[in-house]
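Data block below; observations after.
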Amino acid sequence: MKRLFLLYFTLMSGMAWGQSTLENRALQHMERLQFAEAYPLWDHLARRAEKRGGEPAHYADQACAAAHRAGMLPEALQWSQVLLARGDAPWDAVVRHLALMRASGKGGQIQRLLDSPPLRHLPPDSLDMLRGIEAELQGQSPDTLKLLVERYRPRATAHEYAATTYKGGVVFQTTPPDARATAAQDGWAGLPFTELAYLPNAAFPHPMRGGRADLAGAQLFPHFGHSQAHDGPVNFDATTSRAVLTTNQQAGAVQRLRLDIYTYHDLQWEPEPAFPWNAADYSCAHGAFDGDGSIIFASDMAGGHGGMDLYISRWRDSTWTAPENLGPAVNTVGNEVFPY
């Protein structure tokens, strides 16, 4: 009998350990914004909990969130329907479900859903508000804009992102050609450090020189540092006379990020005084100029709504104003990282 008990205990402990390992892996992917990689793990955990008669709501919510943020609309809608069918879905889950229905071309079914049993647990005034919003949306003219989304550089094999225009060309982030041969990696994302790349003519995404792609970021921006850590993203103001660059802080055991501001003067980029809101205990990163020259950037400074939030700092009286959080309409309990 004792042996049977020990065998049962060992099996149950192994199953619990395996579930905990999968959940930790899924959470790590979510923290690194790798939602497509996180989704299969949440999907597996939710299905297993459902099959065993357990409580799948937590895993179903995470599967829905991961699929939604990965752009996997059918999968997100499927798990959202599972949550609604329980009859006790919280307000934010209901709002997300309506957004998924609209994005999936099922907006015409929303009014009927608002009168269905799965939503009767919501207060009447909340339902009335949703009905009013949907009626207004249904009364608007349909959006006739059609977009064709294609890869800009389909032959590229490296990670490429955070593109911005510059003098008729494109500047973006990429991993260097020898990235696989180096051990240097970003400890948060688990990927090689990146550098700036520049295509002088946006109409030719694959220029060739000497048998390899001509990505002349270091030649174009020799004054931007080009450290052994991250260089970029970079963004320019409307006049292309000011630039904001993300780079690594050099001090401390944890390599956090900071913003460096540059001014174009005498045919070169010159550094301005240090951005006053950089700090050793948090990151300021991924800055972008808005129309009036203010900087919108991401930071994990204290007082935010989640991990990384978006903030704005304005250029006033020859200095950058204290960062203002963009609030819950923009920021969530997750990570808002790239403002453009």
Checklist line | Close pairs from the range 297-315: first at positive phi, partner charged (D, E, K, R), Cβ under 9 Å, at least 6 apart | finding: G303/D309
Item checked: Residue among S80, S20 that alone is more than 29 Å from L122 (Cβ to Cβ) and over 19 Å from the mean Cα position of the chain (by Cα) -> S20
Next item on the list: Go through the range 305-314 and give me each residue that's surrounded by fewer than 21 Cβ atoms within 10 Å (Cβ to Cβ) and either more than 18 Å from R32 (Cα to Cα) or in contact with a strand residue (DSSP E or B) (Cβ under 9 Å, 6 or more places away or on another chain) (or both).
Entry: H305, I312, R314
Margin query: I'm trying to understand the selection: among the residues of the range 81-128, which are in a loop (DSSP other than H, G, I, E, B), among the acidic types (D, E) and under 25 Å from Q62 (Cβ atoms)?
Written below: D88
Checklist line | Filter result for A288 (free of Cβ contacts under 8 Å to residues at least 24 places away in the same chain and under 22 Å from L33 (Cβ atoms)) | finding: no
Checklist line | Single residue of the range 300-332 satisfying the filter (of a type in the set (A, V, I, L, M) and in a loop (DSSP other than H, G, I, E, B)) that is farthest from A288 (Cα to Cα) | finding: A302
Next item on the list: Hey, can you tell me all the residues within the range 253-299 that are assigned to a loop (DSSP other than H, G, I, E, B) and of a type in the set (F, W, Y)?
Entry: F275, W277
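Every read-out reported here was derived from the displayed coordinates using simple, explicitly stated rules and does not represent laboratory data. Just so you know, these numbers come straight off a predicted model, no measurement behind them. Quick reminder, even Gly has a Cβ in these numbers, built from the backbone with ideal geometry, and neighbours come from all protein chains shown.
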